[in-house]
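The values are calculated or read from the model by the stated rules, or taken from the named source; none is laboratory data. None of the values given here were measured: they were computed from a predicted structure. Cβ sites come from the backbone with ideal geometry, for glycine too, and all protein chains shown count toward neighbours. Areas reflect the complete protein model, heavy atoms only, side chains present, ligands, DNA and RNA absent. Shrake-Rupley method; radii C 1.70, N 1.55, O 1.52, S 1.80 Å.
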Amino acid sequence: MRYTIIFILSLVVSLLTVYCLENGIQIVFTHMFYVPIILAAYWFQRAGILYAVGMGLLYLSLVEVISGYNPNNVIAAIGRFVVFVIIAAVVAVLSMRLSTQQEEVGRSEEKFRTIWEQVQAGIILVDAETHEIISANPEAELLIGYPEEEMKGRTCHQFVCPAEKGKCPVCDLNQKIDRSERVILNRNREEIPVLKTVTETTLDGKRVLIENFIAVTRH
């Protein structure tokens, strides 16, 4: 699809260039070259720079063939050719940097996902304001007996935490839970003793509680 778009734009720009030059128009239409050049540099990076060189040479050739040799026109065309290449180079460099950053973010997300899924401790993210569960890792699903999708959006009170509404140890009672022995509720409303740690952080501008717990006894 990208190659098709670039081909169509190149054809349109070339035909427009021929038309304008045959009618004595030397300016304005050249700005149309920026559209395929910028897209090619963004999509294809180094190859986009070569494309800009090719389009610049095409433009120079059309100017000389159609308009005839005119020092002023040739100098102006060479200046535009240089601008085409510079713009393509700048866009290509920015595109390569963006691609590198996206790859780094992707690798970081993959590492986080691996840790999130493999860590041998239950982890639940809870909205500190509404006490609604945002996310839960596989170990938390295993201990509690609910899949993450069923936990999302439900309040932790009388669900995984036996504390009454308005008496959250962290948010309401200002208690510090750091490897404290607590209990969580599983799907069968059974209390499971765990070593629990709760810390508060900010994610996407919201206060979030990170609850992680390890069962005191395992079968």
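Numbers at a glance
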| quantity | calculated |
| --- | --- |
| Residues being open to solvent by less than 60 Å² (accessible area, probe 1.4 Å) and part of a loop (DSSP other than H, G, I, E, B) - total across the stretch 149-162 | 5 |
| Hey, Tyr3 part of a helix (DSSP H, G or I) and touching a Ser or Thr at 6+ places or on another chain (Cβ under 8 Å) or not | no |
| Meets criteria (open to solvent by 40 Å² or more (accessible area, probe 1.4 Å), small (Gly, Ala, Ser) and part of a helix (DSSP H, G or I)) for Ala47 | yes |
| Residue check, Tyr69 open to solvent by 40 Å² or more (accessible area, probe 1.4 Å) and either closer than 15 Å to Ile27 by Cα or not in a helix (DSSP H, G or I) (or both) | yes |
| Hey, Tyr146 out of contact with any Pro (no Cβ under 7 Å at 6 or more places or on another chain), of a type in the set (Phe, Trp, Tyr), part of a loop (DSSP other than H, G, I, E, B) and buried (at least 17 other Cβ atoms within 10 Å of the Cβ) or not | yes |
| Residues (in contact (Cβ under 8 Å) with a residue 24 or more places away in the chain, exposed (fewer than 13 other Cβ atoms within 10 Å of the Cβ) and either in contact with a Ser or Thr (Cβ under 7 Å, 6 or more places away or on another chain) or over 25 Å from Leu209 (Cβ atoms) (or both)) located in the stretch 97-129 | Ser99 |
| Residue tally, condition within 22 Å of Asn70 (Cβ to Cβ), in a helix (DSSP H, G or I) and open to solvent by less than 60 Å² (accessible area, probe 1.4 Å), over the stretch 17-44 | 7 |
| Qualifying residue in the stretch 119-139 (condition: modelled with pLDDT of 90 or more and either of a type in the set (Phe, Trp, Tyr) or assigned to a helix (DSSP H, G or I) (or both)) | yes |
| All positions within the stretch 106-135 that are over 18 Å from Gly205 (Cβ atoms) and under 22 Å from the mean Cα position of the chain (by Cα) | Gly106, Arg107, Ser108, Glu109, Glu110, Lys111, Phe112, Arg113, Thr114, Ile115, Trp116, Glu117 |
| Pairs where the first residue, in the stretch 50-76, is of a type in the set (A, V, I, L, M, F, W, C) and the second is in a helix (DSSP H, G or I) and exposed (fewer than 15 other Cβ atoms within 10 Å of the Cβ), C-beta under 6 Å, 6+ apart | Ile66/Glu22 |
| Those residues of the stretch 164-219 which are modelled with pLDDT under 80 and touching a Leu at 6+ places or on another chain (Cβ under 8 Å), in sequence order | Lys167, Val170, Cys171, Arg179, Ser180 |
| Options Val91, Val82; residue that is open to solvent by 40 Å² or more (accessible area, probe 1.4 Å), closer than 30 Å to Trp43 by Cα and among the aliphatic types (A, V, I, L, M) | Val82 |
